[in-house]
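The values are calculated or read from the model by the stated rules, or taken from the named source; none is laboratory data. All values reported here derive from a predicted model rather than from experimental measurement. Please note: Cβ atoms are built from the backbone with ideal geometry, for glycine as well, and neighbour counts cover all protein chains shown. The area values use the complete protein model at the heavy-atom level, side chains included, leaving out ligands, DNA and RNA. Shrake-Rupley method; radii C 1.70, N 1.55, O 1.52, S 1.80 Å.
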Amino acid sequence: MRQADDEPHRNDWLTRAFDALGRREYAALVCCDSELIAIHREGQLAENISLGESICLTVAPLFGMEEEIKSLRLQSDSWLEIPTVAIVSNGAPTRRLNYLVLWDSPTDQFVLFLARSLAANDMAVELRREVRQRMLVEAEVAAQALEIEAANRVLMRVNRDLADFARIVSHDLKSPMRAMRYFTDDLEQSLLNPVEDDPKTHLDRLRTQSRRMSSMLTGLLSYAKLEQKGDAIAPVDTAVLVNSIVDSLHLPVSFEVYVKGNWPEIETLEAPLDLIIRNLIENAIKHHDREEGVVIISCHEEGKALVFKVSDDGPGIAKNHQEAIFQPFVRLNEEDARGTGMGLALVKRAAQSVGAELSVLSAPENGRGCAMIVMWPRVLLTKL
Amino acid sequence: MARVVPQSFSNFVRDWAFAVMTTCKIMLLGEMGVGKTSIAKQLVFGTFDGEYGSTIGVEIYTYDVEPPPDGDPFKFLIWDTDGSFGESFFNLVYIRQAQAALIVGDVTRPSTLESAARLTEAFADAMPGRYFATVLNKCDMLEDPEQLVLPEQLQMPDFPLVRTSAKTGMNIKDTFYEAAQTITRRGLF
């Protein structure tokens, strides 16, 4: 490495600059040869710049700039300026400096000037800092307002759910309780004349209603618990999922279930997706009016959603029932003892919990069949 | 026939190799208040200050990455930048000769994640072939960092994403270590 402090060949302006800067603490300069090796320095700000080494290695803001600085030789009246840079050491920034490099052809040297930010600049910096602080506070307030708005929406939904819950408990659960009361009265009467009126018959009816009420309460509990997301979003292979659901179903022998379309792997919540697909398939089979039937489950991508479709060749659902079927305990055929009427209510609630959309495609007046369509978002809603 | 290397020559080679330290200029980009300075200070000094102080211009930190066994020494010049520049930063002198960038977003402010996604694209366009990663900072403020909803651009498979907390130090050193490894492996210096 070249040794420092040979007397450089300087013209008058550089000599005067050296003399002036020797006494100043707000500016400094470093003379370098054509390879950017520092050969002379003046001013306190340059004290830490090693002589005999390239300024592109010893001056952090100039790191990697060798080619760019050397090209200044080919451009007259050009310079490289890197303003407002502070080097941070021991936890606190040093003085903020402006760095300027130019090529001085009369002396065949590169000259690096370093200068402190002026007082006015420091004041402008402080003013900008205050303005930024205010901008950030305003942004935080706006973000909190959005959070409050979202929380209010959740509260409104919770209040609506509570009202629905109260209605269900007061209306739908009264039915089995009323039936149990009647059957208890009948049982009491039958004990007076057991020969003609077998008490066991009324006991069996009581037992049936008790089981029915227990099933309804279990279904209601599942319905209420659905909003509590215990799972984390994770990769789900929807092809594996749907095939495992189909394999686990107790299909009547004469029923056929087909899986079609493109089933990708997505980052999502598996539990509600499993619940929805499973309940839709089971519902299609349970409410089929024939001994033979076909159910087709398909999937395709549409924009930012996956579209799942469960189609069957059953009797279909009339348009005036297509909203009511998603209410808890609603069954289109009250004489059908299968199920409690909670399956589609659970499907709707699970869909709402993840921001999925449900729709029904069926027109029994035009022909048999029904399709349940789920638009499942690829990006799920956050908790709020 | 084995060659016998004189001890003085092998010491010379070892010392010369040690002196050849890879130095890399890495930018910290992102909106104001996302935690760029906090990340730099946590990395370099192991400290965290909850008081916000806006960075004006550029502040440069130096950090020596702990080399792997038999690995070469590696130094980062970390350019902590003023977040107010936005995408106009790529027209400024500061970005020149940058060899890598970490683009930081604040997971508690979704708009900064959108901004980080745009800055990441802009960096990839302005500095093709350079190492970059998007850093999702302040994860200590989320109950479950994995449940964060990301902008679409950041959801692409194999997109370099890191979840960090400058407050707790989570993944800070690992992020820079990974950057050093990748830059060395690809010869991006």
Quiz item: Using heavy-atom solvent-accessible surface (probe 1.4 Å) with all chains present, what is the largest-first order of A:ARG167, A:ARG349?
Solution: A:ARG167, A:ARG349
Practice problem: Summarise the partner chain shielding of B:37-43 as one whole number: the mean count of Cβ atoms from other chains within 10 Å of each residue's Cβ. | Solution: 1
Quiz item: By the gyration tensor of its Cα atoms, with a ≥ b ≥ c the square roots of the eigenvalues, what is the shape of the range B:106-189: rounded for a/c under 1.5, prolate for a/b over b/c, or oblate?
Solution: oblate
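Give the ranking of A:SER244, A:SER76, A:SER190 by solvent-accessible surface, highest area first, calculated with a 1.4 Å probe. It would help to have the intermediate numbers written out before the result.
Details: A:SER244 55, A:SER76 100, A:SER190 0 Å².
Most to least solvent-accessible, the answer reads A:SER76, A:SER244, A:SER190.
Length gain on complete extension for the stretch A:GLU67 to A:LYS319, per 0.36 nm per residue less the alpha carbon to alpha carbon distance?
On the way: separation 252, 0.36 × 252 = 90.72 nm, distance 7.54 nm.
Difference between extended and current length: 83.2 nm.
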Practice problem: Using only protein heavy atoms and a 1.4 Å probe, report how much of B:MET141 is accessible, in Å² to the nearest 10. | Solution: 120
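Just in the range A:241-291: which trypsin sites (Lys or Arg not before Pro) are loop by DSSP and have at most 13 other Cβ atoms within 10 Å? Each step should come with its number before you reach the end.
Working: sites: A:LYS260, A:ARG278, A:LYS286, A:ARG290; in loops: A:ARG290.
Passing sites in the range A:241-291 are A:ARG290.
Once the Cβ-Cβ distance between A:GLU365 and A:THR218 is put in as r, and R0 is 35 Å, what FRET efficiency do you end up with, to the nearest 0.05?
Numbers: r = 36 Å, r/R0 = 1.04.
Taking R0 as 35 Å, the efficiency between A:GLU365 and A:THR218 is 0.45.
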Quiz item: What is chain B by shape, rounded, prolate or oblate, if you read a ≥ b ≥ c off the alpha carbon gyration tensor as root eigenvalues and call it rounded for a/c under 1.5, prolate for a/b larger than b/c, and oblate otherwise?
Solution: prolate
Self-check item: the range A:278-330-the range A:41-84 distance, computed between alpha-carbon centres (Å)
Solution: 73
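Quantify, in whole percent, the carbon and sulfur part of the accessible surface of the range B:54-107 (1.4 Å probe; protein heavy atoms only).
41
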Quiz item: Tell me, what ³J(HN,Hα) does each residue in the range B:87-97 have, in order and in whole Hz, if you take phi through Karplus 6.51 cos²θ - 1.76 cosθ + 1.60 with θ = phi - 60° and put x for Gly and Pro?
Solution: 6, 5, 4, 6, 9, 8, 5, 4, 7, 5, 6
Quiz item: With Rg and the Kirkwood Rh both taken from Cα atoms, where does Rg over Rh land for the range A:142-274?
Solution: 1.18
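Within chain B, which is the longest segment that contains none of the GluC sites (Glu not before Pro) sitting in a DSSP loop with at most 13 other Cβ atoms within 10 Å? Kindly include the intermediate steps, with their values, before the conclusion.
Details: sites that count: B:GLU51, B:GLU143.
The reported range is B:52-142.
Using a Förster radius of 35 Å, what is the FRET efficiency between A:ASN152 and A:ARG128 based on their Cβ-Cβ separation? Nearest 0.05, please.
Details: r = 36 Å, r/R0 = 1.03.
It comes out at approximately 0.45.
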Quiz item: So for the pair B:LEU188, A:THR107, with labels modelled 7 Å out along Cα→Cβ, what separation do we get in nm?
Solution: 4.0
Quiz item: Around B:ALA40, with a cut-off of 10 angstrom between Cβ atoms, what is the net charge of the other residues, counting Lys and Arg +1 and Asp and Glu -1?
Solution: 0
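Can you tell me, using C-alpha contacts under 8 Å and at least 6 residues apart, the relative contact order of chain A as a whole percent? Show your work: numbers first, answer last.
Details: 550 pairs, mean separation 37.5, N = 384.
RCO, chain A: 10 percent.
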Self-check item: Reachable aspartates and glutamates from B:LYS41, criterion Cα separation under 16 angstrom, eight or more residues apart if same chain
Solution: B:ASP49, B:GLU51, B:GLU59, B:ASP64, B:ASP80, B:ASP82, B:ASP174
Practice problem: Please turn the phi angles of the range A:133-150 into ³J(HN,Hα) values with the Karplus equation 6.51 cos²θ - 1.76 cosθ + 1.60 (θ = phi - 60°), one per residue in order, whole Hz, x for glycine and proline. | Solution: 4, 5, 4, 5, 4, 4, 5, 5, 4, 4, 5, 5, 4, 5, 5, 5, 4, 5
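Roughly how large is the B-A contact in terms of buried accessible area, totalled over both chains, probe 1.4 Å, nearest 100 Å²?
Working: alone 10850 and 23640 Å², together 31630 Å².
That pair of chains buries around 2900 Å² in total.
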Quiz item: Could you give me the ³J(HN,Hα) list for the range B:108-122, computed from phi with Karplus coefficients 6.51, -1.76, 1.60 and θ = phi - 60°, whole Hz, x at Gly and Pro?
Solution: 8, 10, x, 5, 6, 6, 4, 5, 4, 4, 5, 5, 4, 4, 5
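Can you bin the protein assembly as shown into rounded, prolate or oblate? Criterion: square roots of the alpha carbon gyration tensor eigenvalues sorted a ≥ b ≥ c, rounded for a/c under 1.5, prolate for a/b above b/c, oblate for the rest. Intermediate results must be reported in sequence, preceding the final value.
Values: a/c = 3.62, a/b = 2.89, b/c = 1.25.
In terms of gyration-tensor shape, prolate.
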Quiz item: In terms of modelled amide H atoms, which long-range or inter-chain residues lie less than 5 Å from the amide H of A:VAL295?
Solution: A:GLU256, A:VAL257, A:TYR258
Exercise. Summarise the accessible area of the range A:133-276 (1.4 Å probe, protein heavy atoms) by the percent that is carbon and sulfur.
Key: 57
Quiz item: For the range A:265-297, list residues with backbone N below 14 Å from a point placed 7 Å from the Cα of A:GLU256 toward its Cβ?
Solution: A:292-297
Exercise. Sum -39500 (n - 2.57) across every DSSP H segment of at least 4 residues in chain A, then divide by the residue count to get the 222 nm mean residue ellipticity, nearest 500.
Key: -14000 deg cm²/dmol
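At a threshold of 8 angstrom on Cα-Cα distance, excluding pairs fewer than six apart, so keeping six or more, what relative contact order does chain B reach in percent?
Numbers: 314 pairs, mean separation 44.6, N = 189.
For chain B, the relative contact order is 24 percent.
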Quiz item: For the protein assembly as shown, with the dipole built from +1 on Lys and Arg beta-carbon atoms and -1 on Asp and Glu ones, taken about the Cα centre, which of A:ASN152, A:ALA60, A:VAL374 lies farthest toward the positive end?
Solution: A:ASN152
Exercise. Quick one: of A:LYS260/A:LYS319; A:LYS174/A:LYS319; A:LYS200/A:LYS348; A:LYS200/A:LYS286; A:LYS225/A:LYS286; A:LYS309/B:LYS138, which pairs are farther than 32 Å apart, Cα to Cα?
Key: A:LYS200/A:LYS348; A:LYS309/B:LYS138
Quiz item: Amide H to amide H under 5 Å from A:GLU53: which residues, 5+ apart in sequence or cross-chain, H placed 1.01 Å off N in plane?
Solution: A:ALA38
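Using a Förster radius of 30 Å, what is the FRET efficiency between B:ARG118 and A:ALA145 based on their Cβ-Cβ separation? Nearest 0.05, please.
Details: r = 24 Å, r/R0 = 0.81.
Taking R0 as 30 Å, the efficiency between B:ARG118 and A:ALA145 is 0.80.
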Quiz item: Rounded to the nearest 500, what is chain B's calculated 222 nm mean residue ellipticity when only DSSP H runs of at least 4 contribute -39500 (n - 2.57) each, over all residues?
Solution: -9500 deg cm²/dmol
Practice problem: Please work out the average accessible area per residue across the range B:100-182, using the 1.4 Å probe convention, and give it in Å². | Solution: 45
Practice problem: Could you work out the relative contact order of the range B:93-189, using alpha carbon pairs under 8 angstrom and six or more residues apart, expressed as a whole percent? | Solution: 27
Self-check item: Under 16 Å from A:LYS304, Cα to Cα: aspartates and glutamates that are on another chain or at least 8 residues apart
Solution: A:GLU265, A:GLU267, A:GLU357, B:GLU152
